[in-house]
Protein chains: 2
Amino acid sequence: MKTKAIFYHAGCPVCVAAEQGLATALDQSQYAVEIVHLGEHKERIREAESLGIHSVPALLLGDQVFHINFGAKLADLH
Amino acid sequence: MKTKAIFYHAGCPVCVAAEQGLATALDQSQYAVEIVHLGEHKERIREAESLGIHSVPALLLGDQVFHINFGAKLADLH
């Protein structure tokens with residue numbers, strides 16, 4: 001049973017770098033990685049906020065949130 | 001040939017969470033992961049600074065730096 005991982009981003013350069021560098025570096029045998037573009041899926045911004053995410057790029061690993069560098073505030077994506 | 005990954009931290013709670021959550025989630029078949037406690041190895045602070053790291057926890061993957069959440073400023077570790 002793999003642990004859920006969700007990489008939230010908004011297509012910004014910092015986001016793309018983190019996706020290509022970090023999201024692809026995760027152990028795919030341990031984690032089922034979903035990539036969510038919040039600019040294209042605004043209906044999921046609320047979900048991200050409820051997880052405690054306040055900026056992108058961010059990575060949810062299990063129930064832990066990691067904000068990675070800084071691309072954009074979630075509040076600016078609405 | 002594995003890519004070099006270095007996780008820099010300073011033993012802070014945010015650092016420990018990132019180490020346990022994120023550093024262990026990396027694909028060990030792709031990355032040779034080194035963990036560096038900058039509080040215990042102050043001689044490596046300059047190395048971290050030269051990589052563009054300004055806070056811990058931070059993860060170097062190849063030549064990319066990812067600042068993860070925020071634990072402490074590097075400048076406060078000297």
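If residue B:57 meets every condition in (1) under 25 Å from residue A:2 (Cα atoms); (2) in contact (Cβ under 8 Å) with a residue 40 or more places away in the chain apart from one, which number is that one?
(1)
When you scan the range B:66-78, how many residues do you find that are touching a helix residue (DSSP H, G or I) at 6+ places or on another chain (Cβ under 9 Å), in contact (Cβ under 8 Å) with a residue 12 or more places away in the chain and within 9 Å of chain A (Cβ to nearest Cβ)?
3
Output the residues belonging to the range B:49-75 that are part of a helix (DSSP H, G or I), of a type outside the set (S, T, N, Q) and surrounded by fewer than 18 Cβ atoms within 10 Å (Cβ to Cβ).
Once the filter is applied, which keeps residues that are part of a helix (DSSP H, G or I), of a type outside the set (S, T, N, Q) and surrounded by fewer than 18 Cβ atoms within 10 Å (Cβ to Cβ), the range B:49-75 yields B:49, B:75.
I'd like the full set of residues that are within 14 Å of chain B (Cβ to nearest Cβ), touching a residue at least 60 places away in the same chain (Cβ under 8 Å) and out of contact with any helix residue (DSSP H, G or I) (no Cβ under 6 Å at 6 or more places or on another chain), limited to the range A:1-27. Reasoning before the result, please.
Pass one, the range A:1-27, residues within 14 Å of chain B (Cβ to nearest Cβ): A:2-7, A:9, A:13-27.
Subsequent filtering for residues that are touching a residue at least 60 places away in the same chain (Cβ under 8 Å) retains A:9.
Once the filter is applied, which keeps residues that are within 14 Å of chain B (Cβ to nearest Cβ), touching a residue at least 60 places away in the same chain (Cβ under 8 Å) and out of contact with any helix residue (DSSP H, G or I) (no Cβ under 6 Å at 6 or more places or on another chain), the range A:1-27 yields nothing.
Taking the condition within 11 Å of another protein chain (Cβ to nearest Cβ) and either over 19 Å from residue A:33 (Cβ atoms) or in contact with a strand residue (DSSP E or B) (Cβ under 7 Å, 6 or more places away or on another chain) (or both), does residue B:32 pass?
Against the criterion (within 11 Å of another protein chain (Cβ to nearest Cβ) and either over 19 Å from residue A:33 (Cβ atoms) or in contact with a strand residue (DSSP E or B) (Cβ under 7 Å, 6 or more places away or on another chain) (or both)), residue B:32 does not qualify.
What tally of residues in the range A:34-48 results from selecting those that are exposed (fewer than 15 other Cβ atoms within 10 Å of the Cβ), among the acidic types (Asp, Glu) and outside any strand (DSSP E or B)?
Counting residues in the range A:34-48 that are exposed (fewer than 15 other Cβ atoms within 10 Å of the Cβ), among the acidic types (Asp, Glu) and outside any strand (DSSP E or B) gives 2.
Does the range B:28-49 contain at least one residue that is of a type in the set (Gly, Ala, Ser), without any contact (Cβ under 8 Å) to a residue 12 or more places away in the chain and out of contact with any Cys (no Cβ under 6 Å at 6 or more places or on another chain)?
Checked the range B:28-49: no residue is of a type in the set (Gly, Ala, Ser), without any contact (Cβ under 8 Å) to a residue 12 or more places away in the chain and out of contact with any Cys (no Cβ under 6 Å at 6 or more places or on another chain).
Inspect the range A:25-33 for any residue being modelled with pLDDT of 95 or more, within 22 Å of residue A:76 (Cβ to Cβ) and not in a loop (DSSP other than H, G, I, E, B) and give the result as yes or no.
No, that holds for no residue.
Could you count how many residues in the range A:4-15 are surrounded by 14 or more Cβ atoms within 10 Å (Cβ to Cβ), outside any loop (DSSP other than H, G, I, E, B) and over 11 Å from the mean Cα position of the chain (by Cα)?
Here the count works out to 1.
Restricting the range A:43-64 to residues that are among the acidic types (Asp, Glu) and over 12 Å from residue A:77 (Cβ atoms), which is farthest from the other protein chains (Cβ to nearest Cβ)?
Top of the filtered list is A:47.
The values are calculated or read from the model by the stated rules, or taken from the named source; none is laboratory data. Keep in mind it's a predicted model, so treat the numbers as computed, not measured. Because the Cβ atoms are built from the backbone with ideal geometry, glycine has one as well, and the counts that use them run over all protein chains shown.
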